[in-house]
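Colleague: Got a structure for you, questions after.
Please treat every number below as a calculation from the coordinates, not as lab data. Bear in mind the structure is a predicted one, so any value in this text is a computation, not a measurement. Because the Cβ atoms are built from the backbone with ideal geometry, glycine has one as well, and the counts that use them run over all protein chains shown.
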């Protein structure tokens, strides 16, 4: 599609939804280098494994009530999206996005021969490996190794709120872990990239010092948003993310995390709180990125190591499961339900089969969002999902 | 060799050195050997080793195989009382209480090991214990019981410089290992392959030297290994053991687990896996294949005696080559322990320093997964590098705070006081707890730094050398593995001692060994 058509579409969207006319113009003015990585990917990790069945609820399925005698979401409180599916009430803030068709809900995302260990399964997701294969580098690190992010960017990726680089780990990725932006900027003064690269280890250290200096120079984090951010920790992380994105120099990926969703016991209050934080955070992110004209160039995708067991346990919780529900949202997302509604009639004590391989989501990012070559990164061809508007 | 004359070497060692007639390793060589086989050496240790020749110096590093802890571990980890795991059918409240208690004990245990590494008289024994912790990996994240993690540590320490075959057998039957790799779930008719796979892939042969069939057959041989409930003692449960015939690596018989381990020990690949890993730990990031194979053959012939492999590696030309100086990245634990030992300061409470290492990516007793810490360059990313730099910066910030304290500031609380309320890094907690925890750790560390009585002025003054600039050269030679590359390279002569130490330790070369 031509830039002009996209521009018109974006303008129309901006007008239709009452955003400032500034949005579209800034969005496209901000891509002078034409890098595909001007299309921002925001990953949101739902740490611990979110319960998909109580996220997108098969509200009228008799199997649901049978598997969830205590934990079932009531028909009165669930937010109905279609004749069969409803959202957890905490996710109500996402409804406007759904109605605007910018929220894709991916049902049954998982992989064959699932592993139920947190550590191993998140490693599988982050490295995009097969279940029986151990890969060293994160899938984004491999992607950036094949096709580098422009050196002018502040960083390839920024990980907010943790030390774990996850899918950005390994390779020569310029990943900045930003647990606390103020602390990072304060500490960054200790970095100095100068020196003779006398051996590989020293070269690696000096490169990292350079990454820090480069990021610190471009991440001033002072953009004053009109958007109000939630005061939750996730809201704070979203605010940091928005400030990172507001910098002109660009980053390809922002990684956020929220948790813990590892609700083995007394799940309801924890999940209610966390999904509320998620929904409010995502809505604030949308508002902030609209404010700076970046929403049409942003794709937000959630992920987690696994979902949870359909049958609730004796502790008012759920144990480790397999396939789960995930979200993709953004200005150019084609909203709707994807994948397959889980069939609960024969699940018993077992787990759900997956309908979407998580590597299909990655392939969609790599091929569709970044116009790259997913096969080179993922080692095989995975069918992309039609969740992006051209 | 100005220092030779001023040092009284032990006559016996001097005689030995003469007998071998090798040239002395000198200050540089001594520093290299001690940093690679221990933690940061002190100037006095360097001076003691400098007159020795290679072979004598290596023998001396290997000589005190004193691997008993010099500090006393918390009694609650060493007593014979039951491990206290909640019984089947325990309530969630009971389970949570158990986990809380284990988290608390785990923190104490981390502090203890850190204290031991700071105090030990045989740093190589601790380095090797840490090496095996990163080889026979278990994590408290899964094992939960601090006591079982402690017992595993004691086992690894007992065999750290002993014989690898015995270590493999002991580590395989270790309670933490049986829990971590699901050995306890492996029973006749319902095999769990987790341990069987990892023992071949990671502990012995290495990938590509066994088949899926070998894994399945070996898993049957390991069936029936279990733990006595309550005590965590190893038991062989005969009824759960698959007594049938198995074929592993081309050998067929009614093997049990021990028999399979012996088959693995017979393979040359096992010795090669270990020697290559030791090479990456002690020599360089790139093992030389022919040398590895030769040393591995000697290692196997010597009944897998670990000092034999170490001695060959440490006496190799590759180890002493100038090209291999300062080419390895210090692990966080090496950085923390090494900095404190080199600067000759000892904290009253080592726990905050264990947490500092955790903040740099090495949480003792909790390696990230069964492959252990990746190590090498992977220790360094933007976040961990800044944490490392912040750490060394904080040590050398002390002199200022002490001055402030002398001027009437409130006395510092014991560092561990700030850690009494925490949910330490064992995972599963919500993000807000993590943030609060980070803050508590930062405060505790801050106090710990203040409690260290480090004075840069005194430190530099204590260095060998007749002039202030000679003393500074000595200090850099002790603190850095190779000449400084950055901030330490051009420190103005009129910089004060504090600035000098700070700029030296902030040099990127300080991250290396």
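Colleague: Run the numbers for residue A:390 and residue A:100: contour at 0.36 nm per residue of separation, minus the present Cα-Cα distance, in nm.
Modeller: Between residue A:390 and residue A:100, full extension yields 102.8 nm more.
Colleague: Another one. Convex hull over the alpha-carbon atoms of segment A:138-251: what's its volume per residue in Å³?
Modeller: Per residue, the Cα convex hull of segment A:138-251 comes to 109 Å³.
Colleague: Another question about this same structure. Using a Förster distance of 45 Å, how high is the FRET efficiency between residue A:375 and residue B:228, based on the Cβ-Cβ distance and rounded to 0.05?
Modeller: Efficiency computed from Cβ-Cβ geometry: 0.30.
Colleague: Related question: Can you compute the modelled spin-label distance between residue A:196 and residue A:226, with each label point 7 Å from Cα toward Cβ, in nm?
Modeller: 5.7 nm
Colleague: Angle, helix B:497-506 long axis vs. longest principal axis of chain B, Cα atoms, 0 to 90°, nearest 10?
Modeller: Here the helix axis deviates by roughly 40 degrees.
Colleague: Over segment A:48-191, calculate the relative contact order: mean separation of alpha carbon pairs under 8 Å at least 6 apart, over the residue count, as a percent.
Modeller: 14 percent
Colleague: What whole number of Å gives the distance from the Cα centroid of segment A:108-157 to the Cα centroid of segment B:461-513?
Modeller: Between the Cα centres of segment B:461-513 and segment A:108-157 lies a distance of 41 Å.
Colleague: Which of A:309, A:147, A:80 ends up with the largest GNM mean-square fluctuation for chain A, with Cα atoms connected below 10 Å?
Modeller: A:147
Colleague: Something else: Test of understanding: in a Gaussian network model of chain A with alpha carbons linked when under 10 Å, which of A:277, A:373, A:164 would top the mean-square fluctuation ranking?
Modeller: Its mean-square fluctuation being the largest, the pick is A:164.
Colleague: Suppose only helical runs count, i.e. DSSP H with n ≥ 4. What mean residue ellipticity at 222 nm does that imply for chain B under -39500 (n - 2.57) per run, divided by all residues and rounded to the nearest 500 deg cm²/dmol?
Modeller: Rounded to the nearest 500, the figure is -16000 deg cm²/dmol.
Colleague: Please provide three numbers in whole Å: the alpha-carbon extents of chain B along the principal axes, with the largest listed first.
Modeller: That works out to 77, 59, 39 Å along the principal axes.
Colleague: For residue B:259 and residue B:323, calculate 0.36 nm times their separation in residues minus their Cα-Cα distance, and state this gained length in nm to one decimal.
Modeller: Full extension from residue B:259 to residue B:323 adds 18.7 nm.
Colleague: In percent, what relative contact order does segment A:39-103 have, based on Cα pairs under 8 Å that are 6 or more apart in sequence?
Modeller: Computed value for segment A:39-103: 29 percent relative contact order.
Colleague: Related question: Given a Förster radius of 25 Å and the C-beta distance between residue B:216 and residue A:135 as r, what FRET efficiency does 1/(1 + (r/R0)^6) yield to the nearest 0.05?
Modeller: That pair, residue B:216 with residue A:135, gives E of 0.60.
Colleague: With a cut-off of 8 Å between alpha carbons and a minimum separation of six or more residues, what is the relative contact order of segment A:318-390 in percent?
Modeller: 35 percent
Colleague: If you stretched the chain out fully between residue A:189 and residue A:92, how much longer would it get, using 0.36 nm times the residue separation minus the C-alpha to C-alpha distance?
Modeller: Once the chain is fully extended between residue A:189 and residue A:92, it gains 30.6 nm.
Colleague: Measure nothing fancy, just the Cα-based angle from helix B:382-395's long axis to the longest principal axis of chain B, in degrees from 0 to 90, nearest 10.
Modeller: Helix B:382-395 and the main axis of chain B meet at about 50 degrees.
Colleague: With axes computed from alpha carbons, what is the tilt in degrees of helix A:200-218 against the longest principal axis of chain A, rounded to the nearest 10 within 0 to 90?
Modeller: Taking the Cα atoms of chain A, the angle to A:200-218 is about 80 degrees.
Colleague: Considering the alpha-carbon set of segment B:266-349 alone, what are its Rg and its Dmax in angstrom?
Modeller: Cα-based Rg and Dmax for segment B:266-349 come out at 15.4, 47 Å.
Colleague: Compute the orientation-averaged projected area for the protein assembly as shown from the convex hull of its Cα atoms and round it to one decimal in nm².
Modeller: For the protein assembly as shown, the mean projected area of the Cα convex hull comes to 39.1 nm².
Colleague: Summing -39500 (n - 2.57) over the DSSP H runs of n ≥ 4 in chain A and dividing by its residue number, what mean residue ellipticity at 222 nm do you reach, to the nearest 500 deg cm²/dmol?
Modeller: -10000 deg cm²/dmol
Colleague: Roughly speaking, what is the centre-to-centre gap between segment B:178-216 and segment A:171-241 when only Cα atoms are used, to the nearest Å?
Modeller: A separation of 41 Å, based on Cα centres.
Colleague: Once you put a point 7 Å from the Cα of residue B:493 and another 7 Å from the Cα of residue B:436, both along the Cβ direction, what distance in nm separates them?
Modeller: 5.6 nm
Colleague: For segment A:325-339 and segment B:90-149, compute the distance between their C-alpha centroids and round to whole Å.
Modeller: 44 Å
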